[in-house]
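These notes are about the structure you will find just below.
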Amino acid sequence: ALNYEAYQNTNYLEWTFRNTNHYKWDKNKGKCEVIWKDFKVILDFNASDNNRAFVHNFEVQDEQANELIDKAVRYFNNDSFWLIAPYKVFDKGTSRQLIRLEDGKTGLLVTYSQGGSTPGDSYLWQFDATGKPSSFRMWTSIIPIQGLKASWEGWITSESGATLPTKHKIAFLTLNMGEVKGTK
């Protein structure tokens, strides 16, 4: 329902998580520009020695750079998950299990034993009639309410053909993804 092949062939993704953290991710080159407040970090996922950090467009070094880079990695791991999680269910270190839900439908329980910033987290996906994810329930180390439900909605088909969400709702909170772009 989401066109995994189109996602695989998407070279560039851009989005803004909660109107705060801005991302320009070149998947082919393994680089991502992360911008928040007065900070910009250029992450190189293939060679972390090439990571660079800036404050007010001036490059910083040493401890300040390391702190900003660590924060940018945490932001990226979290915020990209809200964009591409459905495409990560077969990543290395995941386990999957079909679960009978209370309404009689089938859900997919995905547990991430490695990768990201919080290994061990689990998500129980629910799907609409077309097979597209409609929500998941979260059991994570950073959210104190276990089994919290988050919607996956506002789906768009990007220029690359990948299907991506533009927002999520968790109780009374809406997580906007900004203007989501995906190109080849």
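Just so it is clear, none of the values below were taken in a lab; they were calculated from the coordinates. Since the model is a prediction, treat every value here as computed from it, not as a measurement. Here the Cβ positions follow ideal geometry from the backbone for every residue, glycine too, while neighbour counts run over all protein chains shown.
Tabulated data
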read-out: Pairwise centroid distance, computed over Cα atoms, of the stretch 54-83 with the stretch 130-155, Å; value: 26 Å
read-out: Loop chymotrypsin sites (Phe, Trp or Tyr not before Pro), the stretch 100-184 (other Cβ atoms within 10 Å of the site Cβ: 12 or fewer; DSSP); value: F172
read-out: Viscosity 1.567 mPa s, 4 °C: Kirkwood-radius Stokes-Einstein D of the stretch 4-183 over Cα pairs, µm²/s; value: 75 µm²/s
read-out: Residues of the stretch 2-22 with amide N under 20 Å of a point placed 7 Å along Cα→Cβ from D44; value: 12-13
read-out: Residue-averaged 222 nm ellipticity for the chain, from DSSP H runs of 4+ at -39500 (n - 2.57), nearest 500; value: -5000 deg cm²/dmol
read-out: Coil-residue chymotrypsin sites (Phe, Trp or Tyr not before Pro) of the stretch 18-108, DSSP, other Cβ within 10 Å capped at 16; value: F45, F90
read-out: Over 23 Å between alpha carbons, listed pairs K31/K184; K71/K149; K29/K167; K37/K71; K92/K167; K71/K184; value: K71/K149; K29/K167; K92/K167; K71/K184
read-out: Residues of the stretch 141-169 with amide N under 11 Å of the 7 Å Cα→Cβ point at D128; value: 152-156
read-out: Per DSSP, loop trypsin sites (Lys or Arg not before Pro) in the stretch 32-64 with at most 10 further Cβ within 10 Å; value: K37
read-out: C-alpha long axis of helix 62-84 to longest principal axis of the chain, angle in °; value: 30 degrees
